[in-house]
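Report on the following structure.
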Amino acid sequence: HKGKFKHYTAKEIYEQPVSIKNTILNRFIKNETVYFSELDVKAEKIFSQTEHIQIIACGTSYHAGLVSKYWFESLAMIACDVEVASEFCYKKILVRKNSLLLIISQSGETADNLNALKISKNLGYLGSLTICNSKSSSLVYESDFSLFTCAGIEIGVASTKAFTTQLTVLLMLVAKFIHLKSKNFKLEKKIINLLNILPNRIEEILKHKKSVYSLAKKIFDKKNIIFLGKGEQYPIAMEGALKIKEISYIHAEGYPIGELKHGPLALIDSNVPIIIIAPNNNLLEKIKLNIEEIHSRGGLIYILSDPFAKFNKNRNIIRLPYIEHLISPIFYAIPLQLLAYYTALIKGENIDQPRNLAKSVTVE
Ligand code: M6R
């Protein structure tokens, strides 16, 4: 039921504080250790041996995988590669030493993922682990181990609460690896503390809908939009672009901001909104240099940031609440979901059921 909302997509965006709460529920022992009731001793043994993670996914779930690569590598010190399932299946697969196959899927029925899992059997992976929102799905049935997101049923074709709960499970999984391998218990505890405050942080950002709506009014009639990020925010920029394409029918690209000068700068004029995710972190100074490059070419810049980052005068800045760096990708996904939603709303599109798309893609 849509309740007070006009669309399932809006309802699901607003459900995120609760879906994240449900996803972390009963998964922390004394707020010190991550616990997954789905996993047995065998799984933990495999995790302890794991030196590489191969992630396979499609669409939004692929973007969750890309964010987690930054986390696996910088926090758990485990090498990680991420590929879209439809590509993974049709090329030579070189299995790294002590590699774990990790599939991320909301539905658990995506044909490309099932195909990838089938092809990977007997290639020498330590095992296969699926992160899924549907406990009774084919992927869960076919893989060795599964972890569940507790987003509840997602009806809108555009994935929203499934994405942020996937990121939540991935960050818990990173903490699990930290526990088993590097044994940095302080870091594990820090991750748990941050995941505990995340639902409230998301409540806060959802209150900023007016400034996101004003931005939607400025971009709804445009033909192209570029989303830019750096580090963990680069996959979030890609996700923002996917949401806009999918429900607002505007062509959009998600790009790493430093890559702009290698081609896309040629696209910049006053008709192409450039939406930049730029919280106050150690990458901000570099991002600012890139912003000036765009500005000097007449770009129409909108910056999503926090109360602390300082920018040149006369930049359009949407000031969002402060967020701790570790959980900031989950946080910045929310205004971009709202932006796509409001843009589609202003355009009068069929938001829950975008043309040509199905909720679960069961054909190759
Ligand atoms: O069910 P899955 O997570 O495997 O689905 C993967 C993609 O088809 C899905 O994320 C798609 O990109 C969404 N509609 C994006 O919002």
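Per-structure values
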| item | result |
| --- | --- |
| Members of region 71-91 found to be away from the ligand (no atom under 13 Å from the Cβ), within 18 Å of the chain's Cα centre (by Cα) and more than 18 Å from residue 241 (Cβ to Cβ), listed by number | 71, 72, 73, 74, 75, 80, 81, 83 |
| Test: residue 147 is closer than 28 Å to residue 242 by Cα, within 16 Å of the ligand (Cβ to nearest atom) and not acidic (Asp, Glu) | yes |
| Flag if residue 118 is out of contact with any Leu (no Cβ under 9 Å at 6 or more places or on another chain), open to solvent by 20 Å² or more (accessible area, probe 1.4 Å) and in a loop (DSSP other than H, G, I, E, B) | no |
| Region 346-357 - residue that is within 19 Å of residue 239 (Cβ to Cβ) and out of contact with any Leu (no Cβ under 8 Å at 6 or more places or on another chain) and, of those, nearest to the ligand (Cβ to nearest atom) | 357 |
| Selected residue (only one of 124, 152 is open to solvent by 30 Å² or more (accessible area, probe 1.4 Å) and free of Cβ contacts under 8 Å to residues at least 40 places away in the same chain) | 124 |
| Flag if residue 287 is away from the ligand (no atom under 16 Å from the Cβ), of a type outside the set (S, T, N, Q) and touching a Phe, Trp or Tyr at 6+ places or on another chain (Cβ under 7 Å) | no |
| Matching residues in region 121-152 - criterion: being in contact with a helix residue (DSSP H, G or I) (Cβ under 9 Å, 6 or more places away or on another chain), hydrophobic (A, V, I, L, M, F, W, C) and more than 19 Å from residue 41 (Cα to Cα) | 132, 139, 150, 151 |
| Evaluation of residue 263 against (1) on the phi > 0 side of the Ramachandran plot; (2) touching a strand residue (DSSP E or B) at 6+ places or on another chain (Cβ under 7 Å) (one fails), failing number | (2) |
| Tabulated pairs, region 345-364, first on the phi < 0 side of the Ramachandran plot and touching a residue at least 24 places away in the same chain (Cβ under 8 Å), second of a type in the set (S, T, N, Q) and more than 8 Å from the ligand (Cβ to nearest atom), C-beta under 7 angstrom, 6+ apart or interchain | 347/248; 349/248; 351/9; 352/9; 364/115 |
| Region 97-113 - residue that is touching a helix residue (DSSP H, G or I) at 6+ places or on another chain (Cβ under 6 Å) and open to solvent by 20 Å² or more (accessible area, probe 1.4 Å) and, of those, nearest to the ligand (Cβ to nearest atom) | 106 |
| Conditions (1) assigned to a helix (DSSP H, G or I); (2) within 23 Å of the chain's Cα centre (by Cα): number failed by residue 291 | (2) |
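The values are calculated or read from the model by the stated rules, or taken from the named source; none is laboratory data. Please read these numbers as outputs of a predicted model, since none were measured by experiment. Here the Cβ is made from the backbone with ideal geometry for all residues, glycine too, and neighbour counts use every protein chain on show. The area values use the complete protein model at the heavy-atom level, side chains included, leaving out ligands, DNA and RNA. Shrake-Rupley method; radii C 1.70, N 1.55, O 1.52, S 1.80 Å.
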